[in-house]
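Everything on this sheet refers to the single structure shown next.
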Amino acid sequence: MILMQQISDKEFSMISAYIKNNYGISLASDKKSLVYSRLKNVLDKKGLKDFTEYYNYLIHDKTGEASITFIDKITTNHTFFMREVDHFEYLKETVLPYIENSAKDKDVRIWCAGCSSGEESYTLEMILTDYFKNKGNWDTELLATDISTEILKKAIKGVYTKDQIKPLSEAWKNNYFKPISDSKVTVIDSIKKNITYRKFNLMEPKFPFKKKFQVIFCRNVMIYFDDDTRTKLIKKFYDSSEKGAYLFIGHSETLNNIDTDYEYVMPAVYRKK
């Protein structure tokens with residue numbers, strides 16, 4: 001095994017510039033040890049003597065393997081069921097009635113951007129299923145995206161521990177999950193099939209969606225971006241939303257420093273004029 005002692009300031013600068021340019025994520029200098037700890041096993045596995053060799057491998061790899069592994073290692077994927085629960089209540093009580101009354105084609109278009117391991121996207125789909133189940137033939141399929149291949153695999157699998165689903169109601173536990181062992185459950189297929197999971201980089205210059213969204217959830221993602229990156233992303237969200245659409249961001253995030261036409265609704269909730 002190759003023993004790594006450190007990552008130099010120059011090497012950290014190269015790697016942080018790579019992730020900023022390709023994924024919009026800004027790494028402060030105090031993240032140097034984090035980068036080292038998350039990537040050192042990759043260097044060992046590939047037989048690379050230092051982070052300069054690793055960087056060269058990363059930028060010259062044509063297979064896509066290097067970048068996939070890199071983003072899986074570097075990104076932080078922390079989420080849980082019913083996180084920032086007031087957003088889900090507002091969706092159910094205000095946003096969905098608005099969509100029900102305004103969507104002439106009975107088509108609900110929601111995008112869960114930065115879906116991580118699936119807790120948020122499955123929560124959204126369970127809310128949609130509950131709300132529209134007795135209201136005729138509504139299309140309640142939603143889009144869920146992330147840049148991490150590994151985390152998307154977990155989301156698609158939809159397997160959680162019984163402790164992880166504790167915040168959910170007993171009705172949801174009984175109706176939308178089935179046990180697969182003494183300690184684990186899985187989301188039922190009728191919920192899974194209504195979610196389209198895709199790998200997607202929010203730094204794409206233009207979003208490729210044919211139809212505009214009524215709701216976008218992008219919570220606790222922009223905390224890793226600088227103001228310029230956030231501004232560009234918010235504009236793309238705005239352009240990809242229909243008039244009257246809602247944007248949900250994390251409670252630790254704000255649009256205060258961003259030039260946007262989104263109107264403030266409530267903490268971490270905005271609406272397109």
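The numbers here are math on the coordinates, done by the rules we state, and not lab data. Keep in mind that this is a model prediction, so the values were computed, not measured. Positions of Cβ are generated from backbone atoms using ideal geometry, with glycine treated the same way; all protein chains shown enter the neighbour counts.
Remarks
- From the coordinates shown, mean projected area of the Cα convex hull in nm² corresponds to which of (1) 14.7; (2) 17.5; (3) 16.3: (3)
- Label-point separation, THR149 to SER26 (7 Å along Cα→Cβ), nm: 3.0 nm
- As a calculated quantity, the FRET efficiency between SER102 and PHE80 at R0 = 30 Å, using C-beta atoms, amounts to about 0.40.
- Rounded if a/c under 1.5, otherwise prolate or oblate - the range 193-273, Cα gyration tensor axes: rounded
- Low-density loop cleavage sites - trypsin sites (Lys or Arg not before Pro) in the range 88-146, where at most 13 other Cβ are within 10 Å (DSSP): LYS104, LYS133, LYS135
- Between LYS211 and ASN256, the modelled label-to-label distance comes to 3.7 nm, taking each label 7 Å out from Cα in the direction of the beta carbon.
- A DSSP coil position with no more than 10 other Cβ atoms inside 10 Å describes none of the chymotrypsin sites (Phe, Trp or Tyr not before Pro) in the range 81-112.
- Rounded if a/c under 1.5, otherwise prolate or oblate - the range 1-90, Cα gyration tensor axes: prolate
- Estimated FRET transfer efficiency when R0 is 35 angstrom, pair ASP239-LYS193 (beta carbons, to 0.05): 0.75
- Separation in nanometres of the label points that stand 7 Å from Cα toward Cβ, at ILE223 and ASP182: 3.6 nm
- Counting neighbouring Cβ atoms within 10 Å and putting the fewest first, the residues TYR122, TYR57 line up as TYR57, TYR122.
- Ranked by how many other Cβ atoms sit within 10 Å of their own Cβ, fewest first, the residues CYS218, CYS112 fall in the order CYS218, CYS112.
- Ranking of ARG198, ARG38, ARG219 by count of other Cβ atoms within 10 Å, fewest first: ARG198, ARG38, ARG219
- In sequence order, calculated HN-Hα J values of the range 238-252 (Karplus, 6.51, -1.76, 1.60; Hz; x Gly/Pro): 4, 5, 8, 10, 7, 4, x, 6, 10, 10, 10, 10, x, 5, 8
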